[in-house]
Structures are given as C-alpha cells and as structure tokens.
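Reviewing the structure listed below.
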Amino acid sequence: NWSYDPLETIRAKCEETEHCVHLKERLELCETRVNSKSNTTEECTEELFDFLHARDHCVRVQRTSREDTGFFLCLLMSPHSPCLHRYPTNCSTT
C-alpha cells in the first residue's frame with residue numbers, strides 16, 4: 001500500500017534551509033554530547049523544540065503564502081531547481 005504525504009515533502013525541503021540546518025546541527029551536537037556521557041541530567045529538549053518550531057514555521061509560511069500552488073509544484077522538482085529562490089523558505093522564526 002503506497003501512500004504519499006505532501007507534508008513530509010514540505011518538511012524535508014524546509015529542513016534544507018540554512019536556519020533549519022543550523023538548528024538541526026545544534027540538536028545533533030547536543031545528542032552526541034548527551035549520548036557520550038554515562039550519567040547526565042542534560043537533555044536536548046530546548047534544541048529539539050527550537051528545530052521543530054523553525055521547521056514548522058517554515059511549513060506554515062509556505063502553506064499560507066499566496067503562491068501555494070507554485071511552491072508545492074516546485075517542491076516536487078529537482079532540489080537544484082531555482083525553486084527556493086522564487087519561493088523563499090528561510091525558516092526564520094520572526
């Protein structure tokens with residue numbers, strides 16, 4: 001049973017933006033640090049929430065833009081297309 005979830009495609013594209021990549025790197029560094037310790041109370045909750053907030057903000061901005069159709073079609077194109085220049089997905093949290 002094959003199913004396609006366009007939300008996953010949009011999330012993946014948003015995760016490729018500079019801001020989201022930076023936040024994902026911070027999350028991964030935190031996870032590596034925590035996993036390298038045998039006894040720690042540190043968690044990566046803040047880093048996880050920061051990343052998810054930025055990614056979901058990016059998704060929301062794209063879904064509510066007036067150019068929804070063009071953006072969604074563009075997401076299905078090659079990752080090397082000029083899509084992200086015409087439909088910016090900067091994932092800014094402001």
### Counted charge near Leu27, where neighbours are those whose Cβ lies closer than 12 Å (Asp, Glu -1; Lys, Arg +1)
-4
### Task
Could you tally the net charge around Cys44, taking each other residue with its Cβ under 13 Å from the Cβ of Cys44, Lys/Arg +1 and Asp/Glu -1?
-4
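None of the figures in this text is laboratory data; all of them are computed from the coordinates on show. Just so it is clear, the structure is predicted and the values come from calculations on it, not from any experiment. Heads up, the Cβs are rebuilt from the backbone with ideal geometry, glycines too, and the neighbour counts pull from every protein chain shown.
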